[in-house]
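Notes for the one structure printed next.
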Amino acid sequence: MKNLRALAAKAVFQVLEQGVSLSVALPQQQRHLESGKDKALVAELCYGVMRHLPQLDKCVSDFMSKPLKGKQRIVHQLLLIGCYQLYFTRIPPHAAISETAEACRKLKFEGLVKVVNGVLRRIQREQPELSKAAQTLEFNTPAWILKRLQQAYPDQWQQIVEQSHQRPPMWLRNNQRSQTRAQYLQALAELEIDACPGVSSDAILLSRARDVASLPDFHQGAASVQDGAAQWAASLLAPQNGELILDACAAPGGKSCHLLEIAPQANLVAVDFDEKRLERVHQNLERLSLDAQVIHGDAAQIDTWWHGEKFDRILLDAPCSATGVIRRHPDIKWLRQAADITELAKLQQQILTHCWQWLKPGGTLLYATCSILPEENAQQIEAFLAATQDAELQALPQQANERDIGWQILPGQDNMDGFYYARLYKKR
Ligand SMILES: C[S@@+](CC[C@H](N)C(=O)[O-])C[C@H]1O[C@@H](n2cnc3c(N)ncnc32)[C@H](O)[C@@H]1O
């Protein structure tokens, strides 16, 4: 039998020591498990450690006589998992400790089993309060992110951080080609699945997360899983049948599919830089019985893969810091560095400027990110508008203030992820 804590420690090790994202590392470990319940526990342990990393790290380190280094780091990560169980789960402490010590053995660090046992027993006995001695500890967030949020949102940063620690809700996107949202809500109600409509037209919010296999006709394409904020992209771009549309950063294809559900006769070109992620675009199109030209290419060098005409509409869902989706991907806090933001902003600017050249006069480009940092959002668009004579910003009805540059959704707003949208019109 597989030891769940050992699997969780391997995933956490990959994230923290090797910079692999948890959405890649976790499924690799979960693959070894059969039961959904076991998979869920491994996920809970990994996500929990990512959410509370600084406090757990400090607590464990305070009980160690010297830090574990090199290959032994995985035992440190195992201790974080042990500590997380003691503070944040209902697992009986004796089971948490003995299973975690057993995991140490399974990881082939026989010589450290006593250390794991000893440290966790002491933590359980003494139950020290988790430290809040610095802001990084109090908010379990790196100082550079806190600083940027404090600058950008002097009145809201604490609420943003708090929201980023919440467990995200599960959102569905009704496939309007299969049935109306009201009909899908009815089908959910018949299965006693509690759900309510979201603000955008296809969005459905579930009261609790569940396996997609239990949703009515999911595998036949009746609905998709997509956050409420991401679902605004398609309606804000407003694709029309017969138009040539570019989804410039398309993988895994959530927004591409939504565009086609709204305008099935549109000629959609879905492009992404990452070949592996493009497989997911194909899978999503297939499940939903939709058609697009899927191209492996660079959105900053369209001429290398496209010889057709310019596009009527472009969706640019740009690579970004993902600071708006920390509640879904808490590992982002530890994988991103402050210097990445400058690099990302440069890349976004390059892609945006290049895509603009491929937009027909009279066409619309929707710029989107799942970031909440102004450098990647309003400041990016402000600089673009200043440098681009034929670009005009169209105010969105959802914006808090008509004079804002684009619509910044903050995490938790109407239960959505943090997201940013700016709609640009190309003058004739
Ligand atoms: C935010 S994700 C897109 C999510 C997607 N629009 C959806 O809704 O499912 C950003 C994507 O941009 C891709 N990307 C990054 N740089 C790129 C480039 N220069 N050209 C094309 N795609 C790029 C990444 O591989 C990633 O899949």
May I ask you to list, by number, the DSSP H helices of the chain whose Cα span along the axis is at least 15 Å and whose average Kyte-Doolittle hydropathy reaches 1.6 or more?
-> none
Distance violations [Cα-Cα > 19 Å] among Lys2/Lys106; Lys360/Lys426; Lys37/Lys108; Lys39/Lys276 | Lys37/Lys108; Lys39/Lys276
Reported to the nearest 10 Å², Asp312 has, with a 1.4 Å probe, an accessible area equal to 40 Å²
Towards the positive end of the charge dipole of region 232-426, with charges on Cβ (+1 Lys, Arg; -1 Asp, Glu), say which of Ala300, Phe273, Leu335 has the farthest Cα.
-> Leu335
With a 1.4 Å probe and every protein chain left in place, work out the accessible area per residue of region 171-225 in Å², rounded to a whole number.
-> 52 Å²
Which length gain, in nm to one decimal place, applies between His219 and Thr304 when the Cα-Cα distance is subtracted from 0.36 nm times their residue separation?
-> 27.0 nm
Give the residue from Ile97, Val119, Ala195 lying farthest towards the positive end of the charge dipole for region 62-207; charges sit on Cβ (+1 for Lys and Arg, -1 for Asp and Glu) and the dipole is referred to the Cα centre.
-> Val119
Report the paramagnetic label zone for Arg287: residues of region 386-428 whose backbone N is under 20 Å from a point 7 Å from Cα along the Cα-to-Cβ axis.
-> 417
What net charge do the residues around Leu344 carry, taking every other residue with its C-beta under 12 Å from that of Leu344, with Lys and Arg at +1 and Asp and Glu at -1?
-> -2
Alpha carbon Rg of region 232-426, scaled by the compact-globule rule 2.2 N^0.38 Å = 0.97
Cβ crowding within 10 Å averaged over residues, with 124-134, 180-190 ranked highest first | 180-190, 124-134
Any chance you could list the semi-axes, whole Å, largest first, of the equivalent ellipsoid that the Cα gyration tensor gives for the chain, using √(5λ)?
-> 41, 25, 20
Equivalent ellipsoid dimensions for region 171-225 as semi-axes, Å, which come from the Cα gyration tensor, largest first = 14, 13, 10
Under a point spin-label approximation (7 Å from Cα along Cα-to-Cβ), what is the Gln398-Gln357 distance to one decimal in nm?
-> 3.1 nm
Which peptide among 82-92, 203-213 comes first, and what is the full order, when sorted by highest mean count of other Cβ atoms within 10 Å?
-> 82-92, 203-213
Only helices counted: for the chain, with every DSSP H run of 4 or more residues adding -39500 (n - 2.57) and the sum spread over all residues, [θ] at 222 nm is -13500 deg cm²/dmol
Descending semi-axes in whole angstrom, ellipsoid equivalent of region 269-310, from the Cα gyration tensor = 21, 13, 5
Over region 289-359, what number does the Rg to Rh ratio reach, with both radii from the alpha-carbon atoms and Rh per Kirkwood?
-> 1.06
Per residue, the convex hull enclosing the alpha carbons of region 4-130 has a volume in Å³ of 98 Å³
Tell me, what is the percent relative contact order of the chain, built from C-alpha pairs under 8 Å that lie six or more residues apart?
-> 12 percent
Answer with one residue from Trp407, Ser207, Gly221: the one whose Cα lies farthest towards the positive end of the charge dipole of the chain, charges on Cβ with Lys, Arg +1 and Asp, Glu -1.
-> Ser207
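The values are calculated or read from the model by the stated rules, or taken from the named source; none is laboratory data. These numbers come from a predicted model, not from an experiment. Glycine gets a Cβ as well: all are built from the backbone with ideal geometry, and neighbour counts include every protein chain shown. When the accessible area is computed, the model is the full protein with side chains, heavy atoms only, and any ligands, DNA or RNA have been set aside. Shrake-Rupley method; radii C 1.70, N 1.55, O 1.52, S 1.80 Å.
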